[in-house]
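The values are calculated or read from the model by the stated rules, or taken from the named source; none is laboratory data. Remember, predicted model here, so these are calculated numbers, not experimental data. Neighbour counts are summed over all protein chains in view; Cβ atoms, including those assigned to glycine, are modelled from backbone coordinates with ideal geometry.
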Amino acid sequence: MDIRAIGMGLAFALMWSSAFTSARIIVADAPPLLALSLRFLISGLMAIAIARALGQSWRLNGAQIKSTIIFGLCQNALYLGLNFFAMQTVEASLASIIASTMPLLVAALGWLIWRERLRPMGIAGLVAGFAGVAIIMSSRLGGGVDMVGVGLCLIGALALAVATLTVRSASSGGNLIMIVGLQMLVGSAVLGVIGLATETWVVTISPRWIAAFVYTTLVPGLLATIIWFVLVGRIGAVRAATFHFLNPFFGVAIAAVLLNEKLGVMDLVGVAVIAAGILAVQLSRQVR
């Protein structure tokens, strides 16, 4: 892995982790589903414009159409929609920690349901990762954490894990940025319909809110996605996924700095254990 790939991996992990803090700011002063629908609409149109400028086609093969629909529903509508809704009551640091378990869920489901081979180091990583979640949850339960919100975050992470295992050929045939843009439009449409039926568009506009919305739309929403696909193309999906072990650290650190969210000793211990578990799982996949 070269220096450029390491830089891209670090940038992706930082951008992805920061999304929870900016989302927390957004949902404090706007309806979550409608705000997220608008974000997807803008990001999706921008991605499609970039794809067309690069000569990518609207015509997708069967696997790409399947990927677009499944990821548009599972990643954008379910995973991010449930997280945005939950973060009305769940702190950004906790939401980011739960979302960071997605690689663990992918490995666990692949092992238990799809019968994929998992080496002893990977099994140990799964045990450690979920133990880290248990450590954090046990320390948070006494602080009045909203368990409904936590449940929504868990369902969202599980939905994304299932989608990741179900669709494995999104990159075949090219048109990656076009697929990303179309997925966002699928999510925007679904969340828009649900949001219009359940929410009222009332937003308390402030410089902080505008900055958070613009940042979420451009950086985690668009730039991080493009960097991820470039990174995967450079070093492969398995090696690229190793950078996910940084997400718990970055997620809680950014929330603590920007939102003044309190972190206890057990939170830090749990984050370290989760990160070690994710790293062990990803490294076990690289062993031949």
Worksheet item: Looking only at region 87-119, which residues are in a loop (DSSP other than H, G, I, E, B), of a type outside the set (S, T, N, Q) and either under 25 Å from Leu268 (Cα atoms) or in contact with a Gly (Cβ under 6 Å, 6 or more places away or on another chain) (or both)?
Response: Met87, Val90, Glu91, Glu116
Worksheet item: Under the condition of being in contact (Cβ under 8 Å) with a residue 60 or more places away in the chain and of a type in the set (D, E, K, R), which residue from region 215-272 is surrounded by the most Cβ atoms within 10 Å (Cβ to Cβ)?
Response: Asp267
Worksheet item: Condition test on Val219, is it in a helix (DSSP H, G or I), touching a helix residue (DSSP H, G or I) at 6+ places or on another chain (Cβ under 9 Å), at pLDDT below 90 and β-branched (Val, Ile, Thr)?
Response: no
Discussion item. Within region 200-213, does at least one residue satisfy the condition of being assigned to a helix (DSSP H, G or I) and either charged (D, E, K, R) or closer than 17 Å to Ser96 by Cα (or both)?
Written reply: yes
Item to complete: Can you confirm whether region 137-156 contains a residue that is crowded, with 18+ Cβ neighbours inside 10 Å and more than 30 Å from Val271 (Cβ to Cβ)?
Response: no
Practice prompt. From the list Arg39, Arg4, pick out the single residue that is in a helix (DSSP H, G or I), surrounded by fewer than 19 Cβ atoms within 10 Å (Cβ to Cβ), among the charged types (D, E, K, R) and in contact (Cβ under 8 Å) with a residue 60 or more places away in the chain.
Written response: Arg4
Worksheet item: Could you list, in sequence order, the residues of region 166-185 that are within 18 Å of Arg52 (Cβ to Cβ) and either modelled with pLDDT of 90 or more or assigned to a helix (DSSP H, G or I) (or both)?
Response: Leu176, Ile177, Met178, Ile179, Val180, Gly181, Leu182, Gln183, Met184, Leu185
Worksheet item: Is there a residue in region 50-62 that is touching a Lys or Arg at 6+ places or on another chain (Cβ under 8 Å), part of a helix (DSSP H, G or I) and not acidic (Asp, Glu)?
Response: no
Discussion item. If Phe84 satisfies all but one of (1) surrounded by 23 or more Cβ atoms within 10 Å (Cβ to Cβ); (2) not in a helix (DSSP H, G or I), what's the number of the condition it fails?
Written reply: (2)
Worksheet, complete the sentence: Among the residues of region 259-280, the number that are over 19 Å from Phe12 (Cα atoms) and assigned to a helix (DSSP H, G or I) is 11
Worksheet item: Would you call Ser93 buried (at least 21 other Cβ atoms within 10 Å of the Cβ), in contact (Cβ under 8 Å) with a residue 12 or more places away in the chain, in contact with a helix residue (DSSP H, G or I) (Cβ under 8 Å, 6 or more places away or on another chain) and at negative phi?
Response: yes
